[in-house]
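The values are calculated or read from the model by the stated rules, or taken from the named source; none is laboratory data. It should be emphasised that the depicted structure is a prediction, and the values quoted were computed from it without experimental measurement. Positions of Cβ are backbone-derived with ideal geometry, glycine not excepted, and every protein chain shown enters the neighbour counts.
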Amino acid sequence: MQRLGDFRLPPFFSYPPYFTLQPVRETREKQVQLWKDLILDYCRSQRVHTISLEEDFPLFSNPKIERSLSHEAKEVFLAALVSEGRAEWMDKGHKKCLILWLRIQDWANFILNFVKDNGLEVMTIEEIRSGIDTRGTELEGIDRGVLMRALRQLEQKGKAAIFKGTSADDEGVKFSV
Amino acid sequence: MRRRPGIAGLQNAAATRDQFRLVGENVAKVRTDVMKEQLATFRSQLEEFARKHKSDIRKNPIFRQQFHEMCAKVGVDPLASNKGVWAELLGIGDFYYELGVQIVDICIATRSHNGGLIDLLDLRKLLCQKRKATLESLSEDDCLRAISKLKILGSGFEVISVGRRKLVRSVPTELNKDHSGILGLAQAEGYVTVEQVEKEFSWSTGRAIDALETLLKEGLAMIDDGHRDGKRRYWFPCVTVSSDTTATEAKS
């Protein structure tokens, strides 16, 4: 079993043809499914929020079998995630991709449970992203855009109120649990 | 005897017929009784045999095979029906039906990975995992018997020999000689190239590509364009020694 840091790679990662886009529909579907799951699992366990197609990404090549994904293949797998709401392109050129290992709505629930469990009521946005309370949790380093959208969803449900400070850094949120 | 006319003659003839019939019935009855007795003995002996060896039959694959050979000699198929004396007494039918169901399960679960063709050894390993049993407790013979029963389902369950391996086919794909030749060649490395196929069988390029394309369409092959030499490789998950690949597939 090959590993990437502490991440256990699935067996298909060592099977060369999975690095070439398969031309037959059914085989392709299976291939895309395996890659989608792998990308989400990996990003979640390694707290990766964005993938850039231009830069090296450890998951997209396997030096052991000397195979790596073509640009087209990467785009196909990520596009499949985008179509399921599990990822979003960050630019028109499809160069950077935001990975949502939790959907926005799941993030909203996650945040709500988190503040409930920790008895928190008021937090600044920056505290959520890099404060002591969230250190080591999945919230650490969360993409600002994703966080704001999740909070806005909570706001709509009346579970939170976003307030503005004097600068963007001061933006905060009050939870009504 | 001179045939006499009249009523008395007819009555006489009738009486003689009656007597013959009576004797005949008697003989038949004696025969049936003897037969019944023999069957009873046979049954009781079989019951005793079953009591003594039931666990052996369930647990010991060699014993199972010998038992099947014995049955074949007597001209009985213990798997013909689950309602027969044999199956009821020995529970041996259940063993194979259960095995058959598990085989179908595994074949379907791994189909998207291997295109419906699985190495018999891989299948056995997965079966043992599922049954939480050791590989020795389940013989190849058992699998083959269970699979032969699956043919009734008409869904194309079949065992084909490719090279020195046996593959279990669960999709009604028509594999011709060209295809099995390629599968045999692929056993060495898990993949073949068009060049290899041409050289090995002295085929034209068109024939090699044709056969490979069919295997690709059937989901039995996957292409790999990633090698340094730039030559396309055709991989065959069903012949690749990758029991752990298929194992995870089956679980998921």
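Observations, loosely collected:
- When each of B:180, B:148 is tested for being part of a helix (DSSP H, G or I), in contact with a strand residue (DSSP E or B) (Cβ under 6 Å, 6 or more places away or on another chain), among the polar types (S, T, N, Q) and modelled with pLDDT of 80 or more, the lone residue that passes is B:180.
Residues are listed down the side, and each one gets a yes or a no for (1) touching a strand residue (DSSP E or B) at 6+ places or on another chain (Cβ under 9 Å); (2) farther than 17 Å from residue B:224 by Cβ; (3) assigned by TED's automatic domain parsing to the domain that holds residue A:19:
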| residue | (1), (2), (3) |
| --- | --- |
| A:47 | no, yes, yes |
| A:62 | yes, no, yes |
| A:65 | no, no, yes |
| A:73 | no, no, yes |
| A:80 | yes, yes, yes |
| A:93 | no, yes, yes |
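- Here residue A:83 does not qualify as surrounded by 14 or more Cβ atoms within 10 Å (Cβ to Cβ) and either facing another protein chain (nearest Cβ under 8 Å) or not aliphatic (A, V, I, L, M) (or both).
- Residue count for segment A:11-28, restricted to those that are crowded, with 17+ Cβ neighbours inside 10 Å, outside any loop (DSSP other than H, G, I, E, B) and more than 7 Å from every other protein chain (Cβ to nearest Cβ): 3
- For segment B:117-128, filtering for residues that are within 17 Å of the chain's Cα centre (by Cα) and either assigned to a helix (DSSP H, G or I) or within 14 Å of another protein chain (Cβ to nearest Cβ) (or both) leaves 7.
- Filter result for the condition that a residue is exposed (fewer than 10 other Cβ atoms within 10 Å of the Cβ) and of a type outside the set (A, V, I, L, M), over B:59, B:73: B:73
- Restricting segment A:116-136 to residues that are over 25 Å from residue A:85 (Cα atoms) and of a type in the set (A, V, I, L, M), the residue that is surrounded by the most Cβ atoms within 10 Å (Cβ to Cβ): A:123
- Qualifying residue in segment A:29-47 (condition: more than 7 Å from chain B (Cβ to nearest Cβ), part of a loop (DSSP other than H, G, I, E, B) and either of a type outside the set (D, E, K, R) or under 16 Å from residue B:226 (Cβ atoms) (or both)): no
- For segment B:198-213, a tally of residues being under 30 Å from residue B:108 (Cα atoms) and either within 11 Å of another protein chain (Cβ to nearest Cβ) or of a type in the set (A, V, I, L, M, F, W, C) (or both) returns 5.
- Of residues in segment B:101-116 being part of a helix (DSSP H, G or I) and under 19 Å from the mean Cα position of the chain (by Cα), the one farthest from the other protein chains (Cβ to nearest Cβ): B:101
- Residues satisfying the stated conditions in segment A:138-177, i.e. among the polar types (S, T, N, Q) and either assigned to a helix (DSSP H, G or I) or at pLDDT 85 or above (or both): A:153, A:156
- Residue A:139 meets the conditions (1) within 16 Å of the chain's Cα centre (by Cα); (2) exposed (fewer than 15 other Cβ atoms within 10 Å of the Cβ) in every case but one. The failed one is (2).
- Summed over segment B:214-238, the residues that are out of contact with any Phe, Trp or Tyr (no Cβ under 8 Å at 6 or more places or on another chain) and either facing chain A (nearest Cβ under 8 Å) or outside any loop (DSSP other than H, G, I, E, B) (or both) give a count of 6.
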